[in-house]
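Q: Quick one: the structure is below, questions incoming.
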Amino acid sequence: MARVNVSLVLFLTMMVASMQYHGTMAQTRHVVGDALGWTIPPGGAAAYTTWASLQTFTVGDILVFDFTNGVHDVAEVSSAAYGPCTATNPISLETTSPASLTLTTAGPHYYICTFSGHCQAGQQLAINVSASSTTMPPSTTPTTPMSPPVTTTPTPPSAATPMTPPVEPCPPTSSPSSSPSLPPTISTTSMPPPPMVISGASSFPAVIRATLLTIGLAFMNL
């Protein structure tokens, strides 16, 4: 039981220390006016306006007013009291230097010196406080790698399904100009008549007559 209590106390102590550490890291100390400090500025109120424009104020930050004790002070006032430099009923008043004021709320904040004539001479400060008191670290989430291209594995044909043979391309159709030449047509009118063939009994008397005629002519010449 004692061991459990010691572990619990150690765990709580570490948590509190961690919270205090992060709270300290989140705070930023702003020395008002930097080297000028908190005094009547030689250039009027523009000196503190320019200084504030170069700062970033967030909840948890600390304003440090460095001034001469007994000669200056710092009071936080409302917006209505800031313009006319009204020093009565301030929100807070610090008379000891250096005065450290923690910014606990977001929004506009107004500060003046309550000594006579100091605020009118430019010893006044207006700032705007952001609600965010911590700066988020950059994301450490690794970039999601790009997926490699999907390779499609061809599926082998099923044994039960016959493969369709490739279709052979048809030969090109010959144009009329490439057709083989036909042999010329032989005209029957230019052919000589076939020779007369004497055959049969009908031609026999003509042969006899020709023979007798030849013999007769021979005897006449004798």
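Nothing in this text is a laboratory measurement; each read-out follows from the coordinates by a stated rule. Keep in mind it's a predicted model, so treat the numbers as computed, not measured. With ideal geometry, Cβ positions are generated from the backbone for all residues, glycine too; neighbour counts draw on all protein chains shown.
Q: Got a sec? How would Y48, Y111, Y82 order by Cβ neighbour count within 10 Å, fewest to most?
A: Going from least to most buried by this count: Y82, Y48, Y111.
Q: Restricting to region 27-130, compute how many DSSP beta bridges are antiparallel as a %, nearest 5.
A: 75
Q: At 0.36 nm per residue, and after removing the present C-alpha to C-alpha distance, how many nm does the segment from A126 to S79 gain when stretched out fully? Walk me through the numbers on the way to the answer.
A: On the way: separation 47, 0.36 × 47 = 16.92 nm, distance 0.91 nm.
So the chain would gain 16.0 nm between A126 and S79.
Q: Right, here's the next one. Where does each of C119, C113, C85 land when they are ranked from fewest to most other beta-carbon atoms within 10 angstrom?
A: Ascending number of Cβ neighbours within 10 Å: C85, C119, C113.
Q: Also: For region 27-130, what does the alpha-carbon gyration tensor say about shape, rounded, prolate or oblate, given a ≥ b ≥ c as the root eigenvalues, a/c under 1.5 as rounded, and a/b over b/c as prolate?
A: The shape class here is rounded.
Q: Among residues other than H30 whose Cβ falls under 13 Å from its Cβ, what is the net charge (Lys/Arg +1, Asp/Glu -1)?
A: On the way: positive: R29; negative: D34, D61, D66.
Net charge around H30: -2.
Q: I would also like to ask the following. Test of understanding: ordering L93, L63, L101 by Cβ neighbours within 10 Å, fewest first, what list do you get?
A: So the residues, fewest neighbours to most, are L93, L101, L63.
Q: Sticking with this structure for a sec: Expected output is a single nm value to one decimal: the length gained when fully extending between T214 and T28, i.e. 0.36 nm times separation in residues minus the C-alpha distance. What is it?
A: So the extension gain works out to 50.8 nm.
Q: Same structure, new question: Check which residues have an amide H placed less than 5 Å from T28's amide H, if you skip close sequence neighbours.
A: Residues meeting the amide H criterion: D61, I62.
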